[in-house]
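Colleague: Sending over a structure as structure tokens; questions will come in a sec.
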Amino acid sequence: MSMTEAARRVLYLRRMGIDVWQRRSLAPASGAAAVDTPLPGAEVPPPDEGGGRSDWQALQDQVRECRQCTLCETRRNTVFGVGSPQADLLLIGEAPGAEEDRRGEPFVGAAGKLLDNMLRAIDLDRTTVFIANVLKCRPPANRDPRPEEIQACSAYLNAQLRHIRPRVILALGKVSAQALLQSSAPLKAMRERWHAAGPEQTPMMVTYHPAYLLRRPDDKARAWRDLCAVRDRLREPA
Ligand code: URA
């Protein structure tokens, strides 16, 4: 017997750790969409298409060999991203952590599991979206990315955005949102409204970082609200 949509939603919300039976009051979303400036940064040189490799593969090679900032000296692996290069939704986190650096994949570990559950809650998974980070290399001891590192790495994110051409970006956490919007606004001020970000001014929603949600599960209900806005936008005709 197939599960009803309502039952499935309850199941997913529970996986996200949301108490679906409890009413929560949330502030209304603020008004009109804001238009923000694109992510800055030099463009990466056009990939060398020799040898039959695709642009996408060439970009991955460029990232793997990158020495644009000092993070290359301490990284084990670059973390290019994971998912479909044709995805409608691009999720952008901050930077790889220790486990991501070891495995070369974004959002592994507890925060990654929560992110997977958040995606499943809107009927997506990491094969149908693309997950990337502002930085492709781990900052030592998980310190915050430095402005010059964000600047150096922005060319790769811009190239990913240009290649994927997602319909929607979801920025995960303050660092990602601030980098994409060139803003120092607090997360609270950036949530619950549509922005436009990246070289193609892609519609962008901002939500909490999954690692923050693990520490502050009460905010999962607000994150759910952000996810629903993304899901609804993706359901609109292209
Ligand atoms: N946090 C991030 O922002 N990105 C990752 O890939 C892992 C943890």
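The values are calculated or read from the model by the stated rules, or taken from the named source; none is laboratory data. If you're wondering where the values come from, they're calculated on a predicted model, not measured in any experiment. Methodologically, a virtual Cβ is constructed for each residue, glycine included, from the backbone with ideal geometry; neighbour enumeration extends over all protein chains shown. SASA here: full protein model, heavy atoms, side chains in, ligands and nucleic acids out. Shrake-Rupley method; radii C 1.70, N 1.55, O 1.52, S 1.80 Å.
Colleague: Among the numbered conditions (1) more than 16 Å from the ligand (Cβ to nearest atom); (2) open to solvent by less than 30 Å² (accessible area, probe 1.4 Å); (3) not β-branched (V, I, T), tell me where P145 comes up short.
Modeller: (1)
Colleague: Where in the stretch 173-223 are the helices (runs of 4 or more DSSP H), entirely inside, with at least 1 residues that are closer than 17 Å to F107 by Cα and out of contact with any His (no Cβ under 9 Å at 6 or more places or on another chain)? Before the answer, list the steps.
Modeller: On the way: elements: 174-181, 187-190, 210-215.
Result: 210-215.
Colleague: Run T128 past the list (1) in contact (Cβ under 8 Å) with a residue 40 or more places away in the chain; (2) open to solvent by 30 Å² or more (accessible area, probe 1.4 Å); (3) assigned to a helix (DSSP H, G or I) and report the number of the one that doesn't hold.
Modeller: With (1) in contact (Cβ under 8 Å) with a residue 40 or more places away in the chain; (2) open to solvent by 30 Å² or more (accessible area, probe 1.4 Å); (3) assigned to a helix (DSSP H, G or I) applied to T128, the lone miss is (3).
Colleague: Check the stretch 206-219 and report whether any residue there is within 16 Å of the ligand (Cβ to nearest atom), open to solvent by 20 Å² or more (accessible area, probe 1.4 Å) and in contact with a strand residue (DSSP E or B) (Cβ under 6 Å, 6 or more places away or on another chain).
Modeller: If we filter the stretch 206-219 for residues that are within 16 Å of the ligand (Cβ to nearest atom), which is where we start, we get 206-216.
Within this subset, residues satisfying the condition of being open to solvent by 20 Å² or more (accessible area, probe 1.4 Å) are 208-209, 211-212, 214-216.
Checking which are in contact with a strand residue (DSSP E or B) (Cβ under 6 Å, 6 or more places away or on another chain) leaves us with 209.
Yes, some residue in the stretch 206-219 is within 16 Å of the ligand (Cβ to nearest atom), open to solvent by 20 Å² or more (accessible area, probe 1.4 Å) and in contact with a strand residue (DSSP E or B) (Cβ under 6 Å, 6 or more places away or on another chain).
Colleague: Here's something else I'd like to know. Is at least one residue of the stretch 79-94 within 16 Å of the ligand (Cβ to nearest atom), part of a loop (DSSP other than H, G, I, E, B), modelled with pLDDT of 95 or more and of a type in the set (S, T, N, Q)?
Modeller: Among the residues of the stretch 79-94, not one is within 16 Å of the ligand (Cβ to nearest atom), part of a loop (DSSP other than H, G, I, E, B), modelled with pLDDT of 95 or more and of a type in the set (S, T, N, Q), which makes the answer no.
Colleague: What single numbered condition from (1) outside any strand (DSSP E or B); (2) surrounded by 19 or more Cβ atoms within 10 Å (Cβ to Cβ); (3) within 16 Å of the ligand (Cβ to nearest atom) fails to hold for P166?
Modeller: With (1) outside any strand (DSSP E or B); (2) surrounded by 19 or more Cβ atoms within 10 Å (Cβ to Cβ); (3) within 16 Å of the ligand (Cβ to nearest atom) applied to P166, the lone miss is (3).
Colleague: List every residue pair whose Cβ atoms lie under 6 Å apart, where the two residues are 6 or more positions apart in sequence or sit on different chains, the first residue falls within the stretch 96-118 and is aromatic (F, W, Y), and the second residue, located anywhere, is in a helix (DSSP H, G or I).
Modeller: That search, which allows pairs on different chains as well, returns F107/L115.
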